[in-house]
1. Identify, please: which residue in region A:307-329 is modelled with pLDDT under 90 and of a type outside the set (A, V, I, L, M) and is, among those, farthest from A:Asp354 (Cα to Cα)?
2. Of the conditions (1) away from chain A (no Cβ under 14 Å); (2) in a loop (DSSP other than H, G, I, E, B); (3) more than 23 Å from the chain's Cα centre (by Cα), B:Glu158 fails just one. Which one is it?
3. Say we look at region A:99-126 and pick out the residues that are within 9 Å of another protein chain (Cβ to nearest Cβ) and within 17 Å of A:Arg86 (Cβ to Cβ); which of these is surrounded by the most Cβ atoms within 10 Å (Cβ to Cβ)?
4. Looking at this structure, is A:Leu96 over 24 Å from A:Glu210 (Cα atoms), buried (at least 18 other Cβ atoms within 10 Å of the Cβ) and within 14 Å of chain B (Cβ to nearest Cβ)?
5. Starting from region A:31-43, take each residue that is more than 17 Å from A:Glu228 (Cβ to Cβ) and list its partners that are hydroxyl-bearing (Ser, Thr, Tyr), counting only C-beta distances under 8 angstrom and pairs at least six apart or across chains.
6. All but one of (1) closer than 20 Å to A:Ala254 by Cβ; (2) out of contact with any Asp or Glu (no Cβ under 8 Å at 6 or more places or on another chain) hold for A:Leu277; state the number of the condition that does not hold.
7. Quick test of your reading of the structure: A:Leu129 fulfils all but one of (1) over 25 Å from B:Pro138 (Cα atoms); (2) within 14 Å of chain B (Cβ to nearest Cβ); (3) at pLDDT below 90. Name the failing condition by number.
8. Across region A:132-157, what is the number of residues that are in a loop (DSSP other than H, G, I, E, B), within 29 Å of the chain's Cα centre (by Cα) and either crowded, with 22+ Cβ neighbours inside 10 Å or away from chain B (no Cβ under 12 Å) (or both)?
Amino acid sequence: MPRVLDVSIQKKFSSQSSQSKTGELNAAFQAPAGFTIIFGASGAGKTTLLNCIAGLVRPESGRIATADRVLVDTDRHIDAPVADRRIGYVFQDLALFPHMTTEQNIAYGLAKLDRREQESRAQAILESLKIAQLRHRKPNQLSGGERQRVALARALVTDPCVLLLDEPLAALDYATKANILDDLRRWNATHRVPILYVTHSRDEVFALGERVLVLERGQIIARGAPHEVLAAPHMETVAQLAGFENIFDATVEAVHEDRGTMTCRVGNSGVRLETPLVRADVGAKLRIGIRSGDILLATAEPREISARNLIPGVVISAERRDMIVVARVKCGVSSGSEAAGLEVDVHLTLSARDALRLVEGRAVWLVVKTHSCHLMAG
Amino acid sequence: MDWQALALTLRLAALVSAALLCLGLPIAYWITYSRRRWKFLVEAVVALPLVLPPTVLGFYLLIALGPRSPLGRFWQTLTGHTLAFTFEGLVLGSILYSLPFAVQPFAAAFAAVDPRLLAASATLGASRWRTFFRIILPLSGAGVLTGIVLSFAHTLGEFGVVLMVGGNIPGVTRTVSIDIFDKVQAVDYAAANRTAAVLLVVSFLALSGVYAANRGALFFGMNQSRARRENGGAPRA
């Protein structure tokens, strides 16, 4: 039988960081053996989801089942005790037992086995995670990465039928992280159980991801392979739009899969922008957001520059606001064209304005990097 | 120095702290982890001896232990005599009187154990029983020691309840504090002073031990607050 975790639950929750931020988790998905990444901002309900699966929190309604048993079914009043679920859980703060050595921490979950079996299993996991030399140390004598490994070993050694990892690598440096990710991948290759891996790091998503679920305010808003989901236009949402001074309606004109970019026509101006590739077809309506601070201004046409978007225009106003200058540039009106033109706000420093002598009527070039163009569903 | 009274007092205090260890741990566990609405009532009852005059407690105990109460009658049919003015009655009264001195430090220590550790223990398949003995109790060492020593010391110095329930029968219910009272009544200040000084020194040593243990100097070599400091807090995103 394939080992699949089947989840469909509702649960009200309040965020860890602020009790006032509450939401309702409403998640339904199936996680097959292997990594399923739960991706989302803090307060999205990721930890609540894991706690429901582990049994530390009871969902208001719904059902959670593994391949061979039902863990929760509120309709049938099933709620398996935490200790019987056989779910490995690596907590965000690890929760190592401070009064026990590495070896004791790891053997803790093996109480039901006889002593010889306990020792051989602990030995095997100590070696495979390269922490055998730490066996007699207590958690306060370990480094961050070592503690992480011990916590991982403690969960893996019990041979769980589902593994939950709550931002297990968030506090680690890049090299340590990469090492532990390798170990996790190796374990996954031999054990094939569903692994739910919570993170808000894009690096980890791409390093581990077979599947990604994007959680936002308790809802699953996207699911699929990492490159599909993380590049999808609905990654930018209305809330995130707030930070963009420039938001334009646009139409996809061409898709360059091989280069990972697209060409979009902005509104009905003649302006075209090169943007990152998202899952969208030619002709699709999108919105493009560009922060005023991400745009460069040049007074001569820049040459030999990596930015792909060079747009000629004219300064129509330059207003000082406190310590920055907001220049409004009109572009896309070439003589003889019917195009409506496009007004773009650009933030400059006072010294930049003075050096370039930016005043009304001055001809300029807007310089915008491809990845400064943020795409949203239209 | 009335050695008989001293021996009796030490025996009483040892029995009472042992009984409170057995009784106080489950009560403290329940107070710490129960989510019952009426939990506050139990907490109030446990704390009552802290504020009640010992004579009030002693008076009601005397009634309860006497031959007219169900408890007294039950004991009488069982043993042929009532509990009042016996050593057993004294033990019972002292247990009630010292209850908060054991339960409160126990409960405070349990509450200080990081709940994530309990969650981790459960996900590793441990029963509540195992979680209590392997995680909660070892991490509450200093608090448990404090509770035991405080109830021991408190029983040593108890007067009002003893006088009400036990009276003043040499070798049966006559404790050190009663002995001191007798000496003062008899204007034998020198003898009262000798006994009082012993009590003072014993109490001081007991409390010094408690405070030393709480600083992690004696007990475990590592109490929890120190462990947390050294961890620099668990890594958190």
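1. Ranking the candidates gives A:Arg308 first.
2. For B:Glu158, the failing item is (3).
3. A:Gly109
4. Considered against the rule, which asks whether it is over 24 Å from A:Glu210 (Cα atoms), buried (at least 18 other Cβ atoms within 10 Å of the Cβ) and within 14 Å of chain B (Cβ to nearest Cβ), A:Leu96 comes out as yes.
5. Listed by first residue and then by second, the contacts come to A:Ser42/A:Ser15; A:Ser42/A:Ser17; A:Gly43/A:Ser15; A:Gly43/A:Ser17; A:Gly43/A:Ser18.
6. (2)
7. Every condition holds for A:Leu129 apart from (2).
8. 1
The values are calculated or read from the model by the stated rules, or taken from the named source; none is laboratory data. Computed from a predicted model, the values in this text were never measured in an experiment. So basically every Cβ, Gly included, is an ideal-geometry build from the backbone, and we count neighbours across all protein chains shown.
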